[in-house]
Amino acid sequence: MAKKRIVIGEDDRAIRSALAEFLESLDYEAVEAESCSGIREAFRETSPDAAILDYSLPDGTALDLLPHLKQSYPSVPLILLTGNGTVQLAVQAIKEGAEQFLTKPVEMSAIAVVIERALKNQRNQQKQLAGKVREKRESVDPFLGTSGAIREVAEQAQKLAASQCPVLIAGETGSGKGVLAKWLHSQSPRSDEAFVDLNCAGLGRELLETELFGHEVGAFTGAVQRKLGLLEVAQRGTAFLDEIGDMDLQVQPKLLKILEEKRFRRLGDVQERQLDVRLIAASHENLAELVRKKRFRSDLYFRVSTVTIKVPALRERLEDIPILANHFLERSATELGRMGLSISDQAMESLCGYSWPGNIRELKNVLERAALLVSGEVIRPRDLHLEFKESVVPDDSSNLTLHDVQKLHIQKMLDAEGGNVARAASRLGVTRSTLYNKLKTFAIHASRERN
């Protein structure tokens, strides 16, 4: 690992050399400068991690430097030294951005402590900034789009924002169930507490139990240290159980008991602990159907599905694809430093005419890959590399407009349901009145409009 680099701005050669020697003994790299201009040059050439600056320099004072250094190198902590310190001068220095203000003579040990503390604060700030950047990059508005299907989801979710009741989010894989779960947490009274998620798919009974409930040392072979379970980590916050339909049948009654009694025990523990957690569950399968097949307990189903939100598949909200596609492309382009990227009309038609078996997740991946690999500034159909042949529109659709694509898809869903508007509306993820309006807009005749 590279050594931390410290600029020493001091015109007294003896003091400067002593500081440099001391810092190097602590495994720092010292960069010496004896004037304001020398300090500026040292910053430009070395990009230091911190700086120790004498107040009085041959061509100015450290206060003259502070505004420039803090603007150009905002994360670098600056420590000022002076032989004639006053409270007024210290206040001014701190106000201008100095991390610390020390009066000579200063013990070397004190300087070491100040530098260590300054670098630790710098690391913490960088971690927080990185976390915010990552959170912003990863966050997606779950309601991007203008379709009736997604507006209906948004309206339902808004009503549940302040609620404490369990929520079941249903929808196909990749449709945005996890994004919606995080949004519900962020808008709830528990938003300042933990959001913890666990995907139940593929987890055996033993692993699922220890992930949910935690365990004590010696609870089973290999339990050599205590482990906190998801429910305990999420205390006072939100626990998100993704793909709850895959939960082992032997674990389901244990979870139900905990949810009903609001108490739990770690595996191998005799002490019961209070539980205050809001549960959000999600499944790509129809839980009611799993109950009928005896693959999911009916009592747990009723407990987790107090309210159910159905997230529509992407093929059921084709009019939202341009908005989503441009959003994902803009985000990818920003990360790659390619702000001029755009999607051609033909490529957008290809996106709108594709069936999207992987839903929004697949759309996001397609746009990220295209942004990374495209040679020019415009993404064309050949840059999309869509994986599957299935499409909601005919193969000879290169000249179709988005209006045509939507009309064809609505007609396809209506034909599939034998002209039944209610069932077609359900498949499209819109209300029946919305579909009637679409039929009128596209001049589509429903031959059989029975309920």
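A few notes on this one:
- Length gained on full extension, ALA422 to LEU373: 13.3 nm, using 0.36 nm per residue less the C-alpha separation.
- The dipole here belongs to segment 226-374: it is taken about the Cα centre, uses +1 on the Cβ of Lys and Arg and -1 on the Cβ of Asp and Glu, and is about 860 debye.
- Along the chain, longest interval not containing exposed chymotrypsin sites (Phe, Trp or Tyr not before Pro), exposed being DSSP loop plus at most 12 other Cβ atoms within 10 Å: 1-219
- Sparse packing (at most 13 other Cβ atoms within 10 Å of the Cβ) combined with a DSSP loop state is found for the following trypsin sites (Lys or Arg not before Pro) in segment 271-321: LYS293, LYS294.
- For ASP248, the amide hydrogen comes within under 5 Å of no other amide hydrogen, counting only partners 5 or more places away or on other chains and with H modelled in the peptide plane.
- Theoretical ellipticity at 222 nm over the chain - DSSP helices of four or more residues, -39500 (n - 2.57) apiece, nearest 500: -14000 deg cm²/dmol
- Spin-label pair GLN88/SER17, simplified geometry with 7 Å Cα→Cβ offset, distance in nm: 3.7
- Sparsely packed loop sites in segment 1-107 (the GluC sites (Glu not before Pro) outside DSSP H, G, I, E and B with at most 16 other Cβ atoms within 10 Å) comprise GLU107.
- Close amide H contacts of LEU267 (hydrogens built in the peptide plane, cut-off under 5 Å, sequence separation of 5 or more or a different chain): GLY214, HIS215, GLU216.
- Think of the chain as a dipole: +1 on every Lys or Arg Cβ, -1 on every Asp or Glu Cβ, centred on the Cα centre; then among SER17, LEU256, VAL291, VAL291 lies furthest on the positive end.
- Binned Cα-Cα distances of segment 148-312, short to long, each 10 Å bin given as a whole percent: 10, 40, 35, 13, 2, 0
- Using R0 = 45 Å, the C-beta based FRET efficiency linking THR334 and GLU29 works out to 0.85.
- Scattering curve values for segment 5-135, log₁₀ I(q)/I(0), Debye with Cα scatterers, q = 0.09, 0.20 Å⁻¹: -0.24, -1.20
- The trypsin sites (Lys or Arg not before Pro) of segment 175-219 include none that DSSP puts in a loop with a beta carbon having at most 10 other beta carbons within 10 Å.
- Only Lys, Arg (+1) and Asp, Glu (-1) charged, at Cβ; the chain dipole about Cα centre in debye: 2100
- The convex hull defined by the C-alpha atoms of segment 229-337 has an orientation-averaged projected area of 10.2 nm².
- Over segment 315-384: Kirkwood hydrodynamic radius from C-alpha pairwise inverse distances, Å: 11.9
- Label-point separation, ALA194 to GLU285 (7 Å along Cα→Cβ), nm: 2.8
- By the count of neighbouring beta-carbon atoms within 10 Å, fewest first, ILE379, ILE15 end up ordered ILE15, ILE379.
- ³J(HN,Hα), Karplus 6.51/-1.76/1.60, whole Hz, each residue of segment 27-34, x for Gly, Pro: 6, 9, 9, 9, 10, 8, 8, 10
- Separation between Cα centres of segment 170-247 and segment 312-358, rounded to whole Å: 31
- Rounded D (µm²/s) - the chain, Kirkwood Rh over Cα pairs, Stokes-Einstein at 25 °C, 0.890 mPa s: 91
- Net dipole in debye of segment 289-368 [+1 Lys, Arg Cβ; -1 Asp, Glu Cβ; about Cα centre; nearest 20]: 820
- Residues ILE410, ILE8, ILE280, ILE258 arranged by fewest to most Cβ contacts within 10 Å: ILE258, ILE410, ILE8, ILE280
- Of all complete DSSP H helices in the chain, those with a Cα span along the helix axis of 20 Å or greater and a mean Kyte-Doolittle hydropathy of -0.5 or more are 321-336, 359-373, 402-416.
Taken together, the values in this text are just the output of simple stated rules run on the coordinates, not laboratory data. Predicted model, so just to flag it, every value in this text is computed and none were measured. As a convention, Cβ positions derive from the backbone with ideal geometry for all residues, glycine included, and neighbour counts pool all protein chains shown.
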